[in-house]
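Below: the structure, in structure tokens.
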Amino acid sequence: MRFDVVTLFPEQFSALTGDGVAARALRRGIARLVLWNPRDFTADTHRTVDDRPYGGGPGMVMKVAPLAAAIEAARTATAAAGIASRVAYLSPQGRPLDQAAIARRSRAPGWVLVAGRYEGVDERLIEGWVDEEWSIGDFVLSGGELPAMLVMDAIIRLLPGALGHASSAAQDSYAEGLLDFPHYTRPEVVGERQVPAVLLSGDHAAIARWRLQQALGRTWQRRPDLLARRGLSAAEQPLLEGYLSAHRAQAPGSARAPQPMPAPASTPGPGANRAGDLGGAAPNLAGATTPPGELAPGKLAPGDPPPEER
Ligand code: 9D3
């Protein structure tokens, strides 16, 4: 897959190209990265890429002409290579990126990413040259370069051959949409903490069941929004119930609340990893398949469904 990134700070991308999974994939030709600096598409002596905002206010706005010329150069070059590519602008106003969007894009032959700086870009650039707008989350960064690198890292690791090993996503497709289960390696004891006995049992079916249960329980506790979206199968419901009853049985505030979780909170309970999680008395889920505090799913919210494709 080919990435063309429009950026005023191409040097920053050595964070992606230097080392790691993405760097290796780029070196091996699994992905390609081409950088375009709008400053190279200016005509004035000062190579101006920004200007003061109409209407006043603090900060500067990226001018249309240098960005548009850089985007067009990127598109011309990708088209010449026989590669179709959409233009994405990374901005706080974009649709929140998630793994589904990343997976969809990983099947495209090319993607042009525009990284903004200053207060952002002239709105007419978005209207005239941009196909889609993406945010990486509700926090404020100082530019689009880190988001562009993050997006490429997330995509590249999905490309065939980018990881050394078979994708765990393919291995555990049932676990999609869940948080990970906890992991352990040697030694068997750290201070007071034992590795959960089931992991030493050699019973692979029991281990798989325990891991799914941990993933379900942690997702319920920490990310009820993910669980609501994904739903629970008939086999998963009793597993989650077992986890919840084991965790409810624990003394609150006892030892090892992993970290404070802003939250669903009706099923708090310190840490996971108890051998007793399997089985256990049926907790009163009251028929709930989604955690408390959950918004009614499937209802239209403002801006939903988001106009991903324009
Ligand atoms: C503090 C400036 N803000 C005005 C009140 C607006 C603003 C402009 C430019 C906020 C952030 C940025 C730079 N951010 C990005 O380019 C960006 C971003 C982000 O800040 N958060 C989440 N996702 C993204 S994608 C690109």
Next on the checklist: Go through region 102-134 and report how many residues are within 16 Å of the ligand (Cβ to nearest atom) and closer than 15 Å to A88 by Cβ.
Outcome noted: 17
Checklist entry - What are the residue pairs meeting all of these: first residue in region 212-227, first residue on the phi > 0 side of the Ramachandran plot, second residue assigned to a helix (DSSP H, G or I) and surrounded by fewer than 20 Cβ atoms within 10 Å (Cβ to Cβ), Cβ atoms under 7 Å, and 6 or more apart or on different chains? => result none
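One residue is enough: does region 181-188 have a residue meeting the conditions touching a residue at least 24 places away in the same chain (Cβ under 8 Å), under 21 Å from the mean Cα position of the chain (by Cα), over 30 Å from G120 (Cβ atoms) and surrounded by 14 or more Cβ atoms within 10 Å (Cβ to Cβ)?
From region 181-188, those touching a residue at least 24 places away in the same chain (Cβ under 8 Å) are 181-182; that's our starting set.
Filter again for under 21 Å from the mean Cα position of the chain (by Cα), leaving 181-182.
Subset that is over 30 Å from G120 (Cβ atoms): 181-182.
Narrowing the set further to residues that are surrounded by 14 or more Cβ atoms within 10 Å (Cβ to Cβ) leaves 181-182.
Among the residues of region 181-188, at least one is touching a residue at least 24 places away in the same chain (Cβ under 8 Å), under 21 Å from the mean Cα position of the chain (by Cα), over 30 Å from G120 (Cβ atoms) and surrounded by 14 or more Cβ atoms within 10 Å (Cβ to Cβ), which makes the answer yes.
If the requirement is being in a helix (DSSP H, G or I) and modelled with pLDDT of 95 or more, which of these qualifies: A69, A88? Quick ask: steps written out before the conclusion?
On the way: A88 fails: in a helix (DSSP H, G or I).
After ruling out the rest, the residue left standing is A69.
Among the residues of region 18-32, which ones are assigned to a helix (DSSP H, G or I) and free of Cβ contacts under 8 Å to residues at least 60 places away in the same chain? Working first, answer last.
Step one: filter region 18-32 for residues assigned to a helix (DSSP H, G or I), giving 21-27.
Hits for region 18-32 are A23, R27.
Rundown of residues vs (1) surrounded by 16 or more Cβ atoms within 10 Å (Cβ to Cβ); (2) basic (K, R); (3) touching a residue at least 12 places away in the same chain (Cβ under 8 Å); (4) more than 16 Å from the ligand (Cβ to nearest atom), yes/no style:
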site	(1), (2), (3), (4)
I136	yes, no, yes, no
V140	no, no, yes, no
E145	yes, no, yes, no
L199	yes, no, yes, yes
Item to check | Close pairs (9 angstrom Cβ cut-off, 6 or more residues apart or separate chains): without any contact (Cβ under 8 Å) to a residue 12 or more places away in the chain in region 80-94, surrounded by fewer than 19 Cβ atoms within 10 Å (Cβ to Cβ) anywhere | outcome: G82/P109
Item to check | Test result for A77, part of a helix (DSSP H, G or I), modelled with pLDDT of 95 or more, within 15 Å of the ligand (Cβ to nearest atom) and of a type outside the set (K, R) | outcome: no
Checklist entry - When residues of region 33-66 are filtered for being part of a strand (DSSP E or B) and surrounded by fewer than 15 Cβ atoms within 10 Å (Cβ to Cβ), how many remain? => result 1
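For region 180-209, which residues satisfy the criterion of being hydrophobic (A, V, I, L, M, F, W, C), in a loop (DSSP other than H, G, I, E, B) and more than 18 Å from L239 (Cα to Cα)? Break it down into steps so the answer makes sense when it comes.
Step one: of region 180-209, the residues hydrophobic (A, V, I, L, M, F, W, C) are 181, 189-190, 195, 197-200, 205-208.
In the following step, the residues that additionally are in a loop (DSSP other than H, G, I, E, B) were identified as 181, 195.
Selection gives V195 alone.
The values are calculated or read from the model by the stated rules, or taken from the named source; none is laboratory data. This one's a predicted model, so the numbers in the text were calculated from it and none came from an experiment. Cβ sites come from the backbone with ideal geometry, for glycine too, and all protein chains shown count toward neighbours.
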